[in-house]
Amino acid sequence: MEMNIDNWKTQVRKGYLELCLLLIIRRYGRIYGFDLLEKLRQADLPVKEGTLYPLLNRMTEDGTLGAVWETANVKGHPRKFYSLTEDGFKLLETMRHEFNAMIELYQNLENPVEVSRDDSKPAD
Amino acid sequence: MTTANPQIETYLSALDRALGPIQASTRAEIILEIKSHILDALAQDPNRSIPSLLASIGEPETVANRYLLEKGLKPGKSPKSPIVKWLVIGFLGTVALSILSAGVVIYKFFPLVDYDRDRSLVRILGGMISVKGNVNYDDDNDTDGSQRDFVEAIDVNRIKTISVMALNSRLVVKPSQDAQLHLNCKGRPDADANLKQTRVEGDTFYLSLAESFESRCTLHVPASVAIAIQVTNGRLVLEAPRNHISVKMANGMIRIHPDPARHYQYHLETINGAVDHFESSSEPGALEINISLANGRISRD
């Protein structure tokens with residue numbers, strides 16, 4: 001039973017991982033991969049490095065994210081900073097809208113609204 | 001940016017190889033980002049072990065396949081070991097080189113084995129090595145070829161040394177019963193004119209059998225003259241010598257039949273050969289037998 005739950009959780013997280021990434025990047029404006037992993041971990045959404053970086057790479061190539069290598073004023077080695085593009089903002093809004101619709105669906109399923117005779121009368 | 005850590009560099013090299021289908025500039029950027037992540041992780045926790053850090057990222061082939069899948073490319077099938085690939089390449093290369101070398105040798109030395117019937121020679125590798133086809137030197141009944149006898153009067157008062165040169169021949173040296181040099185040869189029927197060449201210089205009588213290819217000669221030498229013999233490829237028999245004899249020979253066999261009534265002092269040396277035991281005498285009048293042989297045997301009887 002426990003293994004089925006873990007598998008389900010993994011599948012569900014896969015579904016909203018991109019949404020969570022976009023939310024974090026929007027919150028911080030610009031962020032690099034290692035820091036992004038930390039933020040995800042703190043949000044109880046741990047992601048393997050080998051999963052995150054390929055995803056960021058794809059999201060950059062399809063125009064959702066912009067990426068800039070920063071070497072100036074950075075101690076030590078260069079880092080690749082990600083930020084939302086204009087298309088990324090639009091995508092985020094669409095995903096948020098869809099996700100909120102799914103939440104409402106879930107809530108409706110969990111707490112079905114029963115229409116009764118008393119309920120149909122306006123409140124005094 | 002360098003890591004100077006062989007484990008990290010090995011990991012990144014493997015990742016780079018596994019990203020094969022991706023264009024070079026993108027691959028370079030991926031490697032750079034992963035390296036940056038590793039350095040950030042080590043800066044955060046310097047005590048963390050490199051293997052555990054690399055394990056948390058994932059196997060290079062697994063990470064590379066995720067990149068490929070995200071790009072809509074077919075994930076690669078990583079080889080079990082690059083050593084296998086290089087062993088196969090090395091083996092095939094060796095086979096190809098061997099075939100090429102064999103082809104060059106065959107072409108250059110064709111025919112590989114050939115028999116010269118006229119000279120009874122077996123030529124190997126285009127003539128690089130020539131082996132006498134008829135090696136039965138003990139066959140005294142061989143009547144092939146023409147019998148020629150030569151007699152040369154030697155002025156033993158003037159001639160002190162007889163110098164003999166022979167090539168690819170069988171030569172028997174015996175004492176002469178008179179003061180004359182007798183030469184009995186069996187040679188090729190058509191070699192009559194060139195069977196021997198002689199000249200006199202100072203107190204030395206020169207006899208050359210070099211032109212008499214494959215001759216079988218018996219040389220009767222008068223006593224009281226020294227004999228200097230030079231033989232290349234052949235067989236020399238010294239029968240009951242009554243002279244000081246000096247021999248230089250390459251490739252062949254020398255047989256000495258000492259005269260029991262005489263004393264000899266032997267100086268025998270071989271290079272790549274064998275020497276039977278010969279008892280040297282310390283008698284003042286002992287005849288000197290000096291032999292230097294390369295590739296062969298000096299034997300008694």
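Just so it is clear, none of the values below were taken in a lab; they were calculated from the coordinates. Computed from a prediction, not measured in an experiment: that's the story for all the values here. Note that we place each Cβ from the backbone using ideal geometry, even for glycine, and neighbour counts take in every protein chain shown.
Residues of B:63-73, mean number of Cβ from any other protein chain within 10 Å of their own Cβ, rounded to a whole number?
On the way: counts 6, 2, 2, 9, 6, 1, 2, 10, 4, 1, 0.
That average works out to 4.
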How far apart, in nm, are the 7 Å Cα→Cβ label points at A:ASN7 and B:GLU29?
3.7 nm
By the scheme Lys and Arg +1, Asp and Glu -1, what is the net charge of all other residues having a beta-carbon under 10 Å from that of B:MET253?
+4
Output the pairs from A:LYS9/B:LYS35; A:LYS39/B:LYS85; B:LYS35/B:LYS85; A:LYS14/B:LYS35; A:LYS80/B:LYS85 with a Cα-Cα distance over 32 Å in this structure; if there are none, say none.
A:LYS39/B:LYS85; A:LYS80/B:LYS85
Enter the Cα centre distance for the pair the stretch B:236-301 and the stretch B:1-69, rounded to the nearest angstrom.
80 Å
Order of B:VAL200, B:VAL237 - criterion: other Cβ atoms within 10 Å of each residue's Cβ, fewest first:
B:VAL200, B:VAL237
Would you tell me the mean number of C-beta atoms belonging to other protein chains that fall within 10 Å of each C-beta in B:35-47, as a whole number?
4
Which part of the stretch B:225-248 falls in the paramagnetic zone of B:THR161, meaning amide N under 19 Å from the point 7 Å along Cα-to-beta-carbon?
B:225-232, B:242-248
Let me test this: with uniform point scatterers at the alpha carbons of the stretch B:235-301, what is the Debye-based log₁₀ I(q)/I(0) at q = 0.15, 0.16 1/Å?
-0.41, -0.47
If neighbour count is taken as other Cβ atoms inside 10 Å, put B:TYR264, A:TYR53, B:TYR206 in order from fewest to most.
B:TYR206, B:TYR264, A:TYR53
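For B:ASP276, B:ASP40, what's the fewest-to-most ordering of other Cβ within 10 Å of each Cβ?
Numbers: B:ASP276 12, B:ASP40 18.
Fewest-to-most Cβ neighbours within 10 Å comes out as B:ASP276, B:ASP40.
Please average, across the residues of B:52-58, the number of beta carbons from any other chain that are within 10 Å of each residue's own beta carbon, and give a whole number. Each step should come with its number before you reach the end.
Numbers: counts 0, 1, 1, 0, 3, 6, 5.
Mean shielding count: 2.
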